[in-house]
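K.L.:
Dropping the structure in here first, questions after.
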Protein chains: 2
Amino acid sequence: MTGESVVNIHTIAIAGGTGKEGKGLAYRWAKAGYRVIIGSRQLEKAMSAANDLNQILPDEVRVEGMVNQDAAREADVVVLTVPFSAHIPTLEGLKGELREKILVDVTVPLVPPKVTKVQMPPAGSAALEAKQVLGEDARIVSAFQNISYEHLLNDEAITCDVLVTGTDKEARSIVLKLTKDAGMTGWDAGPIENSVVLEGMTSILIGINKQFGSHDAGIQITGVPRD
Amino acid sequence: MTGESVVNIHTIAIAGGTGKEGKGLAYRWAKAGYRVIIGSRQLEKAMSAANDLNQILPDEVRVEGMVNQDAAREADVVVLTVPFSAHIPTLEGLKGELREKILVDVTVPLVPPKVTKVQMPPAGSAALEAKQVLGEDARIVSAFQNISYEHLLNDEAITCDVLVTGTDKEARSIVLKLTKDAGMTGWDAGPIENSVVLEGMTSILIGINKQFGSHDAGIQITGVPRD
């Protein structure tokens, strides 16, 4: 909720965007006026997911489907929504396209079957693993791990806040703007090392959902002014 | 908010309890009817802190002051509220008294000057470091890291929830009961490995407080029924 982006973001690619997380975010950003490209390893899957979204989007709003590399090449910001098992291979495939661009890593390092237990990779978190793959100069933001994605597609209000960590303040500001444009409340949660909290919170929320038979457990920041 | 303790807790020791965290928790639990002992390395400091609290507690409620080891020996539950620099030495001094008892570790591994950056010890978190010191069979709960302690002493409502992780479900249930008795809303946040999220969240909340010039940033769980 602090800071305004000074950089103009026009095109967002969602690599590995054929799942519910990627489609939910694509839907919100397309409606907010961004050009959105769904990426996948297979072009047909990307186009099929784009087609699904275009059926529910207003007529004047279209999303596109491309293979991940092409989607990333077209974009100002690349959002990564893949299962943890595909995290490193997808990043290695995108490395050449990500120079000078902001990567938003939504990956949660869940290790089945104990998905309610925080189990970080040796790098410390998925986002820090991305930094290892992409190099010290990479601009990486970690965000959106705790959202119930069904609500995004249903135009429902999101009661879960978005904590945004990242390698630099400008990158965090840009993603805070994207968060707001997607209809959510975001907070600057500091350096990329703090991503372990966001990723690990997902395991805690899955555990709370199991206890209550729900799908919607989230978090909100209290004690400071909301928008 | 789930689970009811089956174990009767009578006496709570707060080791390193002369700071604001320890005094705040001691105040709430004393008012709730528990016998509470403030512990310190120095008897005079413990008695002075107990005296401070007794001035603001109702006449019929008294807390006691003892050296840490004596306080722990008397207690059913030992709560540890020390600066991170004193974490390992204090645990080593208490190890003999903690067998068969539940340790509630409130320690946050803040590393000045970058206290807004999550920096965990090699064990993975302060609570996991406690497990290394106390051994595999130790019963350890990690909780209360995100509370603004001034509110505890002022009888104000606490808008920050308490996430409770721990080595076993019964220990978590006992601490959830203590949380409720202190006037706060607690949630079973799973195994002790999840303590990294609770401890790391403190750095994120300190960062948000700095952005807004506040002292009260906290978190609440959303999307599931509250009490």
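Throughout, read-outs are computed from the coordinates displayed, never taken from laboratory work. The structure displayed is predicted, hence computed values, not measured ones. Note that each Cβ is placed from the backbone with ideal geometry, even for glycine, and that neighbours are counted across all protein chains shown.
K.L.:
List the pairs from A:Lys101/A:Lys169; A:Lys114/A:Lys210; A:Lys114/B:Lys177; B:Lys101/B:Lys131 whose alpha-carbon separation is above 20 Å, in the order I gave them.
P.N.:
Values: A:Lys101/A:Lys169 14 Å; A:Lys114/A:Lys210 12 Å; A:Lys114/B:Lys177 26 Å; B:Lys101/B:Lys131 13 Å.
Going by Cα-Cα distance, A:Lys114/B:Lys177 fall outside the 20 Å limit.
K.L.:
Of B:Ser125, B:Ile56, B:Gln69, which is farthest on the positive side of the dipole of chain B, counting Cα position, with +1 on Lys and Arg Cβ, -1 on Asp and Glu Cβ, and the Cα centre as origin?
P.N.:
B:Ser125
K.L.:
Within region B:144-176, what residues put their amide N at less than 18 Å from the label point 7 Å along the Cα-to-Cβ vector of B:Asn8?
P.N.:
Answer for this model: B:174-175.
K.L.:
Is the protein assembly as shown rounded, prolate or oblate when judged by the Cα gyration tensor, a ≥ b ≥ c being the square roots of its eigenvalues, rounded requiring a/c under 1.5 and prolate requiring a/b larger than b/c?
P.N.:
Values: a/c = 2.32, a/b = 2.16, b/c = 1.07.
Prolate is the answer for the protein assembly as shown, as a/c is 1.5 or above and a/b outweighs b/c.
K.L.:
Which one, A:Val175, A:Gln220, A:His87, projects farthest toward the positive side of the charge dipole computed for the protein assembly as shown from Cβ point charges (K/R +1, D/E -1)?
P.N.:
So the residue furthest toward the plus end is A:His87.
K.L.:
Rounded, prolate or oblate, given the Cα gyration tensor of chain A, with a/c below 1.5 counting as rounded? Display every interim value, and only then the final one.
P.N.:
Details: a/c = 1.23, a/b = 1.12, b/c = 1.09.
Judged from the Cα gyration tensor, chain A comes out rounded (a/c under 1.5).
K.L.:
Using the Cα gyration tensor of region B:116-188, with a ≥ b ≥ c the square roots of its eigenvalues, what is the shape: rounded (a/c below 1.5), prolate (a/b larger than b/c) or oblate (neither)?
P.N.:
Numbers: a/c = 2.73, a/b = 1.45, b/c = 1.88.
It is oblate, given that a/c is not under 1.5 and a/b is not larger than b/c.
K.L.:
Among B:Leu43, A:Leu80, B:Leu91, which comes first, second and so on when ranked by fewest other beta-carbon atoms within 10 Å? Write down the numbers at each step before the final one.
P.N.:
On the way: B:Leu43 14, A:Leu80 29, B:Leu91 25.
By the 10 Å Cβ count, ascending, the order reads B:Leu43, B:Leu91, A:Leu80.
K.L.:
From the phi of every residue in region A:24-35, what ³J(HN,Hα) in whole Hz does the Karplus formula 6.51 cos²θ - 1.76 cosθ + 1.60 yield, where θ is phi - 60° and glycine or proline is x?
P.N.:
For region A:24-35, the Karplus-derived couplings read x, 5, 4, 4, 5, 6, 4, 5, 7, x, 7, 6 Hz, x marking Gly and Pro.
K.L.:
With an 8 Å cut-off on Cα pairs and a minimum separation of 6 or more residues, tell me the relative contact order of chain B in percent. Mind showing how you got there, number by number?
P.N.:
On the way: 488 pairs, mean separation 47.0, N = 227.
So the answer I get is 21 percent.
K.L.:
When only C-alpha pairs under 8 Å and at least 6 residues apart count, what is the relative contact order of region A:128-183, in percent? Intermediate values should be presented prior to the final figure.
P.N.:
Values: 46 pairs, mean separation 19.3, N = 56.
Relative contact order of region A:128-183: 34 percent.
K.L.:
Report the relative contact order of region A:1-101, percent, no decimals, based on alpha-carbon pairs under 8 angstrom and at least 6 residues apart. If you can, show how the numbers build up before the last one.
P.N.:
On the way: 181 pairs, mean separation 32.4, N = 101.
Once normalised by length, the contact order is 32 percent.
K.L.:
Just to confirm the numbers: B:Gly135, label point 7 angstrom along the Cα-Cβ line, distances to the other copies in nm, shortest first?
P.N.:
5.2
K.L.:
Okay, moving on. Pick out, in residue order, every one of the GluC sites (Glu not before Pro) in region A:127-180 that is DSSP loop and has at most 16 other C-beta atoms within 10 Å; say none if there are none. Kindly include the intermediate steps, with their values, before the conclusion.
P.N.:
Values: sites: A:Glu129, A:Glu136, A:Glu150, A:Glu156, A:Glu170; in loops: A:Glu136, A:Glu156.
Qualifying residues, ordered by number: A:Glu136, A:Glu156.
K.L.:
Determine the dipole magnitude for chain B: charges of +1 sit on the beta-carbon of Lys and Arg, -1 on that of Asp and Glu, nothing else is charged, the reference point is the Cα centre, and the result goes in debye to the nearest 20. Before the final figure, lay out each step's value.
P.N.:
Details: 22 positive and 29 negative charges, 79 e Å.
For this selection, approximately 380 debye.
K.L.:
Of the trypsin sites (Lys or Arg not before Pro) in region B:27-117, which ones lie in a loop per DSSP and count no more than 14 other C-beta atoms within 10 Å? If you can, show how the numbers build up before the last one.
P.N.:
Details: sites: B:Arg28, B:Lys31, B:Arg35, B:Arg41, B:Lys45, B:Arg62, B:Arg73, B:Lys95, B:Arg99, B:Lys101, B:Lys114, B:Lys117; in loops: B:Arg41, B:Arg62, B:Arg99, B:Lys101, B:Lys114, B:Lys117.
Filter output for region B:27-117: B:Arg62, B:Arg99, B:Lys114.
K.L.:
Once the Cα atoms of region A:4-114 are picked out, what are the Rg and Dmax in Å?
P.N.:
13.5, 44
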